[in-house]
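**Student:** Below: one structure in structure tokens.
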């Protein structure tokens with residue numbers, strides 16, 4: 001049931017069933033010699049399960065494995081894990097949110113291709129004309145089609161994906177905020193901070209400080 005929350009891209013479903021999952025017992029010990037190694041192994045195992053559930057939820061395979069690789073790399077780089085329950089919870093939420101942003105049910109081929117193009121070019125400036133050219137239809141028609149089927153504009157969709165990727169990097173990478181902003185196609189840190197705060201409610205610096213306490 002917990003994994004179905006990821007497959008459905010439903011954060012409430014995941015949170016509720018994760019809480020229930022924790023109440024019914026404790027995680028096993030996956031290392032006899034190191035508490036840290038045991039916690040890392042638990043987090044990596046959970047990441048593998050979350051990856052499979054996300055793919056079943058129609059997250060792009062490349063996206064799912066890329067997120068999995070980042071999570072596992074950052075888990076391995078940790079010198080300590082204070083609360084493995086919270087760490088696994090946050091990893092699961094990353095997958096849930098990624099699935100929810102890219103759900104492809106009831107989307108036309110054109111909108112699906114547009115989303116695919118955007119995801120594969122998050123590190124570059126996204127120009128609607130270029131997306132339309134890739135899809136093979138006019139800019140105006142694509143913009144109308146995209147908004148009708150997803151409820152948001154191409155630019156808002158792009159920024160939403162970028163912010164989710166930024167959150168992942170803020171939690172699991174050692175990049176500074178400027179480098180994260182530039183790697184995701186933002187022209188400067190102040191614009192990135194403004195977009196991030198408008199969607200998350202706090203600045204990237206505040207977000208990073210909070211999750212590095214876990």
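**Student:** Please report, in whole Å, how far the alpha carbons of the stretch 91-208 spread along each principal axis, starting with the longest.
**Tutor:** Cα extents, longest axis first: 40, 29, 21 Å.
**Student:** Report the Cα-based extents of the stretch 19-128 along its three principal axes, largest first, to the nearest Å.
**Tutor:** Cα spread of the stretch 19-128 along its principal axes, largest to smallest: 53, 30, 17 Å.
**Student:** Please report, for the Cα atoms of the stretch 109-152, the Rg to one decimal and the Dmax as a whole number; what are they, in angstrom?
**Tutor:** My reading of the Cα-based Rg and Dmax gives 9.5, 26 Å.
**Student:** Right, next: So for the chain, averaging the separation of alpha carbon pairs under 8 Å that are six or more residues apart and normalising by length, what relative contact order in percent results?
**Tutor:** Reported relative contact order: 18 percent.
**Student:** Any chance you could give the angle, 0 to 90 degrees and rounded to 10, that helix 61-77 forms with the longest Cα principal axis of the chain?
**Tutor:** Tilt of helix 61-77: around 40 degrees.
**Student:** Using only the Cα atoms of the stretch 9-63, build the gyration tensor, take square roots of its eigenvalues as a ≥ b ≥ c, and label the shape rounded, prolate or oblate: rounded if a/c is under 1.5, else prolate if a/b is larger than b/c, else oblate. Let's see the in-between values first.
**Tutor:** On the way: a/c = 3.72, a/b = 1.43, b/c = 2.60.
Oblate is the answer for the stretch 9-63, as a/c is 1.5 or above yet b/c matches or exceeds a/b.
**Student:** Go ahead and estimate [θ] at 222 nm for the chain from helices alone: -39,500 (n - 2.57) per DSSP H run with n ≥ 4, summed, over the residue count, rounded to 500.
**Tutor:** Value at 222 nm, helices only: -23000 deg cm²/dmol.
**Student:** Can you put 165, 79 in order of Cβ neighbours within 10 angstrom, beginning with the fewest?
**Tutor:** In increasing order of surrounding Cβ atoms, one gets 79, 165.
**Student:** Calculate how steeply helix 11-23 sits against the longest principal axis of the alpha-carbon atoms of the chain, using the helix alpha-carbon long axis, and give the answer as 0 to 90 degrees to the nearest 10.
**Tutor:** Approximately 10 degrees, to the nearest 10.
**Student:** What does the C-alpha gyration tensor say about the overall shape of the stretch 64-130? Classify as rounded when a/c is under 1.5, otherwise prolate if a/b is larger than b/c, or oblate.
**Tutor:** Prolate.
**Student:** Moving on to the next point. If you fit an axis through the alpha-carbon atoms of helix 139-150 and take the longest principal axis of the Cα set of the chain, what angle between them do you get, 0 to 90°, nearest 10?
**Tutor:** Helix 139-150 and the main axis of the chain meet at about 40 degrees.
**Student:** If you average the sequence gap of Cα pairs under 8 Å that are 6 or more apart and divide by the length of the stretch 82-167, what percent do you get for the contact order?
**Tutor:** 30 percent.
**Student:** Now, a different point. Using Cα-Cα distances under 8 Å and only pairs 6 or more residues apart, what relative contact order does the stretch 1-108 have, in percent?
**Tutor:** Details: 125 pairs, mean separation 42.5, N = 108.
Normalised by residue count, the contact order of the stretch 1-108 is 39 percent.
**Student:** Return, for the Cα atoms of the chain, the radius of gyration and Dmax in Å, separated by a comma.
**Tutor:** 18.1, 61
Where a number appears in this text, it was derived from the coordinates with a stated rule and is not lab data. Keep in mind that what you see is a predicted model, and the values were worked out from it rather than measured. Neighbour counts are summed over all protein chains in view; Cβ atoms, including those assigned to glycine, are modelled from backbone coordinates with ideal geometry.
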